[in-house]
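Participant: First, the structure itself, so that you have it in front of you.
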Amino acid sequence: MSVVAASQVDRRTLIRQSARKSHRRRQIAGVVAAALCGLGLCIALVPLISIVALTVSKGIAAWSVDFFTRLPTPAGIPGGGIVNALVGSLIIDGLAAVMALPVGFIVALFLAEHEGRLANTVRFVVDVAAGLPAITIGLFAYAIVVLPEGHFSALSASVALAVLMLPIAIRAGETAIRTVPQDLWEAGIALGIRRARVARSLVIVSALPGLVTASLLAISRAIGEAAPLLFTAIGSQVFATSLGQPMASLSLVVYFDGIQPYPDLQRTAWGTALTLLVIVMLLNVSSRLLARRMRRFTR
Amino acid sequence: MTGGRDRRRLTRHLRLGDRAYRRVLQGFGVFVLVIFVAVGATLFIQAWPAFKHSGPGFVTGTTWDPSHAIYGAVPFIAGTLFTSAIGLALAIPIGIGAAIFLAEYAPRRISGALGMLVELLAAVPSVVYGLWGFLVLGPIFQNTIEPRLSWLPFAHGAPLPVGLLLAGVILAVMVLPTIVAVTRDLANAVPATSREAVFGLGGTRWQMVRTAVLPAIRTGVVGAVVLGLGRALGETMAVTFVIGNTNAVPNSLIAPAQTMASLIANEFTEATEPFHASALLGIAVLLLVIAVIVNALARLLVWSVSREVRETV
Amino acid sequence: MTGTPLKTFFAPDSRSTVAAEAEARPAPAITVRGLGVRFGSKLALSGVDMDFPTGRITALIGPSGCGKTTLLRSLNRLHDTTPGARVLGSVHLGDLDVYAPEINPTEIRARIGMVFQRPNPFPTLSIYDNVVSGLRLNGIRKKAILNDAAESALQSAALWDSVSHKLKTSAMRLSGGEQQRLCIARALAVEPDVLLMDEPTSALDPIATSRIETLLRALVKQVTIIIVTHNMQQAARVSDYCAFLMVEEDRVGHLVEEGLTLQIFSKPADPRTEEYVTGRIG
């Protein structure tokens, strides 16, 4: 047997021995690692479950017919409700959606169909803007609406939320339009370039479920925001009679009532928090279900 | 989608009507760009008086005293950085561990259900986190946790239901869902062929995770972490509930403090002193700049991940 | 087209004649009895009895879905990592019962190596780290041993000359054929008794393919090779022994016939084998 072959056989035995000897250690290391990861999962789940469980239990205690149909009462006086906040959130977010979604989807169409420096710049800026702190956007709306007008208003709040919703509408919208199958777009072009615009509306119609999903996501994000409303709509104890007045909102109620030392106000805060949670979860779950149904239809 | 090049070729042959259409679309794109740039510009213009008044002392000063028109942002920069650091320090190991467990060890159905639960929790509004943090976690911290921490050198002070550590923990809870969801998705996307390579050589399951999965998801996880950092830095409502509204550089983990965002939330509506409102807008500008840098970084990281994936395919 | 002249694919000087080989058939490296594999409720393979001779290349051929890859993966217990998969029957590596409950699959896999269809070097590791990854996974850390093993394995894979000066560069910079040879080197570094190859050249261009085929004829002196291939000509070029598997409407994947490659391709015993090797089916 040559020297080379001998050393190779030695190496082979060495490898086999090492494999056998190290196996115990490797298995134990694996069990420890898996246990640590499992521990991480348990630790992660505890606060998340606690938030949902407590919001539900403490919030349900506040829910009643009065809660949803009456105006707020001062601390210590029972029978108050959040009806103005419900309506206020609806109005402010509805207006914001009307402002942001059409613009957002048109830009989404632009990004989906065009390439080049402008499109790439827009996409990059939109992605970065998605992470802008909500309070800075609120201050922006304050500066361009509240200051010139001289008073706080629901309109300024809608402007703030619209700017907040734009990046979500644009990104999710672009994804929705891009998933429209290529042949649909080509069929439209084949009908004659002059009809391309009509063909494009074909594309938009078939992207509709995706656009609805994008809308639900954007609205769900906006409804939960309080920071941009602090200096724009600033909240109210009554119904607003116009868009140019301060307006109540669910998210603001959670904040203003929650930090007060009065138990009944805190209870209202929990009830409002549960209301917000239910709305947001409904929006998210429906957008998810819609997305799943959409996936079943695209080939 | 492979339509890009074809679409470009076809748009080159557009007739007049369609060229106008294209201009309109481009116009909207520019409009949106203008809006976002305007956000930064407007804040800067409004903040300018305070910047001019305080000079570089705005960013280096440690005193915030509106009644004497002294505006130094250091306490709030410190508060923001410390709370975000605590938040990430907790969320990263816990989040990655949880995600790896879900992706590699949990049975498929449980992993799917828990994964969806975690993702839905990412949609919980910040005010709800804040309320829970203030009314539930705060008392727990005050009565149970903080007294136990007094042996740590930097955790001295009276236990309160507010403070730096509490805010950091709340931020960790808020950032967790993002980190868990992204890491789990990335781990699930690692192809079976990489995993089988490790098994084929005689590796154990954990060795497979360490050799085939973790290195492959490294860049993507860093991107998710940076995104989480961006969210933590700008978080207002949850932090405002529990930070303690104290305008001083915190000298202890459990001391009350103030972040840039919570300062604005707490003081803006009562800002009547000269330059006060403008100074608060200056703080907003600082916050904006930091958030933009962090988010741009995250974006670039995510881009480099997708480029890597395209090159190896 | 009967009496197929596939003999023309053979290089008569590199293989023994049928008669001489029949007398000198080497002892089996792996013995398989009654082997079957079930995925959940679906049976994918059943009743395979065969021996894989030591120091020879055995090819598993057959139409797609016939179970050849399933058979291959049951040899190194790779099905253990698939939830719901159950292996029936027995596999013996020499005297060792591969599926004995007291045996760790990882031990088996250090003795029976595997090369996969698409080259799968670890993308974040250098060429050197890729080659020695198997050794490191099995607990070997000494630099001297790793260096020796790396050089030896890369030499065996005919890769040493082209990469010895750039061992620390990323493995992903290599071409497809080079990456596959890197994977072969990686598997060889652990000094297995048997090397399993699952269609190792199907993702490569013809030049890289022929390089690897030449490599295999040289490698067989060090290690027993079992190769799954859907390319009949490759089986004829490269292997000493062949096993033909088949799946039919009313029968799950099963072994039809096995024996010397020369025999299978010139005078197959089963008519289905003849139909497959003459290209009438599959």
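The values are calculated or read from the model by the stated rules, or taken from the named source; none is laboratory data. Every value quoted in this text rests on a predicted model; they were computed, and no experiment measured them. We place every Cβ from the backbone using ideal geometry, glycine too, and count neighbours over all the protein chains shown.
Participant: State which residue is farthest from the chain's Cα centre (by Cα) when the search covers only segment C:118-142 and only residues that are within 14 Å of chain A (Cβ to nearest Cβ) and surrounded by fewer than 17 Cβ atoms within 10 Å (Cβ to Cβ). So that I can check it myself, show each step before the final result.
Facilitator: Of all residues in segment C:118-142, those within 14 Å of chain A (Cβ to nearest Cβ) come to C:131-142.
Okay, now just the ones that are also surrounded by fewer than 17 Cβ atoms within 10 Å (Cβ to Cβ), so C:136, C:141-142.
Working: C:Arg136: 23, C:Arg141: 28, C:Lys142: 30 Å.
By that ranking, first place goes to C:Lys142.
Participant: A:Thr73 versus (1) closer than 30 Å to A:Ser242 by Cα; (2) within 7 Å of chain B (Cβ to nearest Cβ): which is the lone unmet condition?
Facilitator: (2)
Participant: Regarding A:Ala29, is this residue within 8 Å of chain B (Cβ to nearest Cβ), surrounded by fewer than 18 Cβ atoms within 10 Å (Cβ to Cβ) and over 29 Å from A:Leu164 (Cα atoms)?
Facilitator: Details: within 8 Å of chain B (Cβ to nearest Cβ): yes; surrounded by fewer than 18 Cβ atoms within 10 Å (Cβ to Cβ): yes; over 29 Å from A:Leu164 (Cα atoms): yes.
Criteria met by A:Ala29.
Participant: Among the residues of segment B:136-147, is there at least one that is surrounded by 24 or more Cβ atoms within 10 Å (Cβ to Cβ) and under 24 Å from the mean Cα position of the chain (by Cα)?
Facilitator: Taking segment B:136-147 first, the residues surrounded by 24 or more Cβ atoms within 10 Å (Cβ to Cβ) are none.
No, that holds for no residue.
Participant: Take B:Leu297 and tell me if it is more than 11 Å from every other protein chain (Cβ to nearest Cβ), over 30 Å from B:His53 (Cα atoms) and at pLDDT below 90. Walk me through how you get there before you give the answer.
Facilitator: Working: more than 11 Å from every other protein chain (Cβ to nearest Cβ): no; over 30 Å from B:His53 (Cα atoms): yes; at pLDDT below 90: yes.
No; evaluated as a whole, the condition is false for this residue.
Participant: If you don't mind, another one. Is it fair to say A:Leu277 is within 11 Å of another protein chain (Cβ to nearest Cβ) and surrounded by 20 or more Cβ atoms within 10 Å (Cβ to Cβ)? Step through it out loud before you land on a result.
Facilitator: Values: within 11 Å of another protein chain (Cβ to nearest Cβ): yes; surrounded by 20 or more Cβ atoms within 10 Å (Cβ to Cβ): yes.
Here the answer is yes, as A:Leu277 does meet what is asked.
Participant: Ok, one more. Taking the options A:Tyr255, A:Tyr262, name whichever one is more than 12 Å from chain B (Cβ to nearest Cβ) and of a type outside the set (Asp, Glu). Full working, then the answer.
Facilitator: On the way: A:Tyr255 fails: more than 12 Å from chain B (Cβ to nearest Cβ).
A:Tyr262 is the lone residue from the list that is more than 12 Å from chain B (Cβ to nearest Cβ) and of a type outside the set (Asp, Glu).
Participant: Of the numbered conditions (1) without any contact (Cβ under 8 Å) to a residue 40 or more places away in the chain; (2) part of a loop (DSSP other than H, G, I, E, B), A:Phe239 satisfies every one except a single condition; which is it?
Facilitator: Only one criterion in (1) without any contact (Cβ under 8 Å) to a residue 40 or more places away in the chain; (2) part of a loop (DSSP other than H, G, I, E, B) is unmet by A:Phe239, namely (1).
Participant: Please enumerate the residues belonging to segment A:17-26 that are surrounded by 16 or more Cβ atoms within 10 Å (Cβ to Cβ) and facing chain C (nearest Cβ under 7 Å).
Facilitator: Across segment A:17-26, the qualifying residues are A:Ser18, A:Ala19, A:Ser22, A:His23.
Participant: With the checklist (1) in a loop (DSSP other than H, G, I, E, B); (2) in contact (Cβ under 8 Å) with a residue 40 or more places away in the chain in hand, flag the one item C:Thr201 doesn't pass.
Facilitator: For C:Thr201, the exception is condition (2).
Participant: Just give me the residues in segment C:80-114 being of a type in the set (S, T, N, Q), closer than 15 Å to C:Leu45 by Cβ and surrounded by 17 or more Cβ atoms within 10 Å (Cβ to Cβ), in sequence order. Even if it seems obvious, please write down each step before you answer.
Facilitator: Step one: of segment C:80-114, the residues of a type in the set (S, T, N, Q) are C:81-82, C:90, C:104, C:106.
The next check asks that each one be closer than 15 Å to C:Leu45 by Cβ; those that pass are C:82, C:90.
Passing the criteria: none in range.
Participant: Moving on to the next point. Are any of the residues in segment A:216-234 outside any helix (DSSP H, G or I), more than 8 Å from every other protein chain (Cβ to nearest Cβ) and under 23 Å from A:Pro133 (Cβ atoms)? I'd like the intermediate steps shown before the answer.
Facilitator: First, the residues of segment A:216-234 that are outside any helix (DSSP H, G or I): A:224-226, A:230-234.
Subset that is more than 8 Å from every other protein chain (Cβ to nearest Cβ): A:232-233.
Still in the running and under 23 Å from A:Pro133 (Cβ atoms): A:232-233.
Yes.
Participant: So A:Cys42 clears everything in (1) buried (at least 16 other Cβ atoms within 10 Å of the Cβ); (2) at pLDDT 90 or above except one condition, right? Which one?
Facilitator: (1)
Participant: Within 11 Å of chain A (Cβ to nearest Cβ), in contact (Cβ under 8 Å) with a residue 40 or more places away in the chain and surrounded by fewer than 24 Cβ atoms within 10 Å (Cβ to Cβ), is that true of B:Arg205?
Facilitator: Taking the combined requirement at face value, the residue satisfies it.
Participant: Would it be correct to say that A:Thr272 is assigned by TED's automatic domain parsing to the domain that holds A:Leu208, over 16 Å from the mean Cα position of the chain (by Cα) and crowded, with 24+ Cβ neighbours inside 10 Å? Show your work before the answer.
Facilitator: Values: assigned by TED's automatic domain parsing to the domain that holds A:Leu208: yes; over 16 Å from the mean Cα position of the chain (by Cα): yes; crowded, with 24+ Cβ neighbours inside 10 Å: yes.
Yes; evaluated as a whole, the condition is true for this residue.
Participant: Hey, which of the helices (runs of 4 or more DSSP H) in segment B:133-242, taking only ones fully inside, have at least 2 residues that are closer than 30 Å to A:Phe256 by Cβ? Full working, then the answer.
Facilitator: Details: elements: B:164-189, B:192-200, B:205-208, B:214-234, B:237-242.
Output list reads B:164-189, B:214-234, B:237-242.
Participant: I'm told A:Gly80 meets every condition in (1) under 15 Å from A:Asp264 (Cα atoms); (2) surrounded by 14 or more Cβ atoms within 10 Å (Cβ to Cβ); (3) within 14 Å of chain B (Cβ to nearest Cβ) except one. Can you identify the failing condition by its number?
Facilitator: The number of the failed condition is (3).
Participant: Any residue at all in segment A:251-266 that's over 19 Å from B:Val162 (Cβ atoms), of a type in the set (A, V, I, L, M) and in the same structural domain as A:Arg221 (by TED's automatic domain parsing)? Give the steps one after another, and end with the answer.
Facilitator: Quick first cut of segment A:251-266, residues over 19 Å from B:Val162 (Cβ atoms) only: A:251-253, A:264.
Filter again for of a type in the set (A, V, I, L, M), leaving A:252-253.
From what is left, the residues that are in the same structural domain as A:Arg221 (by TED's automatic domain parsing) are A:252-253.
Scanning segment A:251-266 turns up at least one residue that is over 19 Å from B:Val162 (Cβ atoms), of a type in the set (A, V, I, L, M) and in the same structural domain as A:Arg221 (by TED's automatic domain parsing).
Participant: Where residues in segment A:45-63 are at the interface with chain B (Cβ under 7 Å from one of its Cβ atoms) and farther than 22 Å from B:Phe101 by Cβ, which of them is surrounded by the fewest Cβ atoms within 10 Å (Cβ to Cβ)?
Facilitator: Checking each candidate, the answer is A:Leu54.
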